[in-house]
Structure formats: structure tokens, C-alpha cells
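Undergrad: Mind looking over this structure? Questions follow.
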Amino acid sequence: MAEEEKEAVKEQEKETSGKKSPMKLIILAVVVVLLLGGGAFAWKSGMLNSVLGGKNNENAAKSVKEDSRQDIGPLYAMDPFIVNLNEPLGKRYLKVKLAFEMDKEDLRTEMDKRLPQFRDGILTLLSSKSYKDVSDLSGKYELRAEILGMVNGYLKTGKVRNVYFTQFIVQ
């Protein structure tokens, strides 16, 4: 009896070791493929050269400078907004002056027609913000994105590419 049990245990060990071995090989193959793919991507995108201090750093810096000097589209300036911030005592206010970068000059006529919609939406949005929401840089970026989304939601013949704060005073 004991010998039969020993043989049964040995057979189970052989079966389980046989099952683990292909699983290990599959996992190893997947890891190798992922590493090779990541290495190829890093090499192709130039990340490896920039990490290692290659000569492509100068070319990459030049391309970034060229990209940052893209022509700005036509601008649509708005009158300033002055709103009370959403504070318990209502003692703080925000004064903002905006300029919209349009994708084409033809959009100016539609923006003139929709000016009351823009002003209403922006006033509502600004007055819903607290001092904490607009006092730091990330809050300003978030506010810019919200204004951009709201304005583009109204437009039908074009779009606004960017929103610029030409004046931003919190007191």
C-alpha cells in the first residue's frame, strides 16, 4: 500500500512539474517580448539616446523650439469679467480678461452673434469658483480648459484653439 501511494505521489509530482515548466516558459517568453518591444520603442523614439546623452538632444531641442514658435491664430478679445468668488462671506472677487485663439478668421462673426451665450456661461463658471480653485497654477489651467470646452460647445462653424488670460486679478 505504501509503495502504491509513493508511486501515485511521484506521478502527481511529474504531472505538476510538467505543467509548471511550460507555464514558466510562456511567462518568460512574454517578458522577453515585452522587454524587446520596449527597447525597440525607446530606440526608435530617441528616448534611449536622450537618456544616454546622444547627439539627438540638439535636434530634439531644435524641434521643440520650432514647435513652440507656431503661428498664433486670429484672436477674439472679450471685455473683462468681474465676479464675486464663491466664498462664505463673499469678500473676494475675481477680475479676468480673456482672449480666444480661433482656428479661422471667419469664426469671428459667429462669436459676435454668440457673445451673450459666452458671457453668461463664463460668468456662471467664474462665480462658481472659490479662491482655492483659482489661486494656484493647476486651478488656472483647469479653469482655462473648462472655458475652452464651454465655448467650443456653442460653436458650429469652427473652434477655439486656446484661451488666454490677458488679465487675472484675485482680491
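Undergrad: Are there strands (runs of 3 or more DSSP E) fully within the range 73-171 with at least 2 residues that are surrounded by 17 or more Cβ atoms within 10 Å (Cβ to Cβ)? List them.
TA: So the answer is 81-84, 93-102, 160-170.
Undergrad: Here's a follow-up. Looking only at the range 118-138, count how many residues are farther than 14 Å from LYS95 by Cα, in contact with a helix residue (DSSP H, G or I) (Cβ under 8 Å, 6 or more places away or on another chain) and modelled with pLDDT of 95 or more.
TA: Total meeting the criteria: 2.
The values are calculated or read from the model by the stated rules, or taken from the named source; none is laboratory data. Everything numeric here is computed off the predicted structure, so don't read it as measured data. Glycine also receives a Cβ, built like all others from the backbone with ideal geometry; neighbour counts cover every protein chain displayed.
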